[in-house]
1. Which FRET efficiency value, to the nearest 0.05, is calculated for residue 16 and residue 67 with the Förster distance at 25 angstrom and r the Cβ-Cβ distance?
2. Just to verify a number: FRET efficiency for residue 5 and residue 76, C-beta to C-beta distance, R0 = 25 Å, to 0.05?
3. Can you tell me, using C-alpha contacts under 8 Å and at least 6 residues apart, the relative contact order of the chain as a whole percent?
4. Go ahead and estimate [θ] at 222 nm for the chain from helices alone: -39,500 (n - 2.57) per DSSP H run with n ≥ 4, summed, over the residue count, rounded to 500.
5. Give me the aspartates and glutamates in straight-line cross-link reach of residue 63: C-alpha distance below 13 Å, same-chain residues under 8 apart excluded.
6. So what is the accessible area of segment 15-108 per residue, in Å², with the probe set to 1.4 Å?
7. Using a 1.4 Å probe on the protein heavy atoms, what percent of the accessible area of the chain belongs to carbon and sulfur?
8. Using the Kirkwood formula on the Cα atoms of segment 18-76, what hydrodynamic radius do you get, in angstrom to one decimal?
Amino acid sequence: MAIVDALLAASADTREITLDALGAAIGARAITSVEIDAMLSALEAANRKVVGPEGGAGEIWLKAVVSAARALGPELGRKPTVAEIAARSGLSAAEVHHALALLKVMQR
């Protein structure tokens, strides 16, 4: 996957990848949480550590994403899309992806 390859190349010296870098690499692409999990697994398999920035907005975004997703689920009768979560939370799609990546890291 091109995103993983780019992140691996950029982190060759530090062996660390920030969630901000992951979010920036994903950008506005339509990507699922399964794909995010696969990317994180590939990065970790390549001996990279995925880290959140000190004092970063990730935790704030995560709270907004979880709140929006919990509200939207019953309203829609299905799992909400990234675009729907972004619209409800006031975040960009990239910020929603960033928050979802943070959630995956926290679940490990």
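The values are calculated or read from the model by the stated rules, or taken from the named source; none is laboratory data. Please read these numbers as outputs of a predicted model, since none were measured by experiment. Neighbour counts are summed over all protein chains in view; Cβ atoms, including those assigned to glycine, are modelled from backbone coordinates with ideal geometry. Please note that ligands, DNA and RNA were not included when accessible areas were found on the heavy atoms of the full protein model with its side chains. Shrake-Rupley method; radii C 1.70, N 1.55, O 1.52, S 1.80 Å.
1. Calculated value: 0.30.
2. So the FRET efficiency works out to roughly 0.10.
3. Relative contact order here is 35 percent.
4. Mean residue ellipticity at 222 nm (helix-derived): -20500 deg cm²/dmol.
5. Excluding near neighbours in sequence, the set is 95.
6. For segment 15-108, the solvent-accessible area averages 54 Å² per residue.
7. Using a 1.4 Å probe with all protein chains present, the chain comes out at 58 percent carbon and sulfur.
8. 13.1
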